[in-house]
Amino acid sequence: MEIVVVGAAGRTGRLFVGKALEAGHAVTALLRDPAGLPVEHERLTKVRGDVFDPDTLTGPLDGKDAVVVALGVTGRAATTVFSEGVRNIVAAARGGGVRRLVAMSSAGLETGHLPVLQRFVAGFVVHRIYRNIHLDLARMEAEIESGGVPEWTILRVPMLTDGPATPGYRTVIGGHLPKASRAARANVADCLLACLGDPATHRRRVEVAD
């Protein structure tokens, strides 16, 4: 499979690139600064691009099999990097004939299924601390659903940690995981790769947690 990775320089994106290469895929890493991904491999191509500049997306996505979006931000200020970035990615994917898209989002976008105390704490965290980020992630999900890439998957993750991969991490398609407070980035990267090849995740939201 030929995969474009957006956000390849981030902590989760780097792990995904490594796993995809280990699995035998060809990877195009779309980077604002190619030096931000200190990895070299015969099946890895680094391309300078910016999700806010649609002209830099068209070529790298043209004719590829899939695009994985692992965007992130620093700080908690208002942002459009997720929604505007994905809008441009989806347009380039649609124009380049890419049918498969997997994007990382947040499990914190839905808290109504949680127990009362956990829902209260999660609501405080989401609405007071990460409100701006979650608002834009919600807009991003709407862009994906309506954007025209037919085989999309949204992977919702809880708080991310830098722990090692574990074989027993949990996932659910179209539902919610109990006690899903955190996930190792290595597990999320593995789940992103697994979702790519799983038709059961097409046009669905998936939750993952340790």
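Throughout, read-outs are computed from the coordinates displayed, never taken from laboratory work. Just so you know, these numbers come straight off a predicted model, no measurement behind them. Reconstructed Cβ throughout: ideal geometry from the backbone, glycine too, with neighbour counts over all protein chains shown.
Table for the structure above
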item	result
Listed peptides 84-94, 158-168, 42-52, 26-36 by packing density, highest first (mean Cβ within 10 Å)	84-94, 26-36, 42-52, 158-168
Helical segments meeting 20 Å axial Cα length and Kyte-Doolittle -0.5 threshold in the chain (DSSP H)	81-96
Pair V39, D65: separation of 7 Å Cα→Cβ label points (nm)	1.6 nm
Cα-based reach from K46 at 12 Å (exclusive), listing aspartates and glutamates while leaving out same-chain residues under 8 positions away	D33
Sum of -39500 (n - 2.57) over DSSP H runs of 4+, divided by residues of the chain (222 nm, nearest 500)	-10000 deg cm²/dmol
Ranked by how many other beta carbons lie within 10 Å on average, peptides 55-61, 99-105 from highest	99-105, 55-61
Dipole axis of the chain (+1 Lys, Arg; -1 Asp, Glu on Cβ), positive-most option in S83, G24, P167	P167
Three principal axis lengths of the chain [C-alpha, angstrom, descending]	49, 35, 32
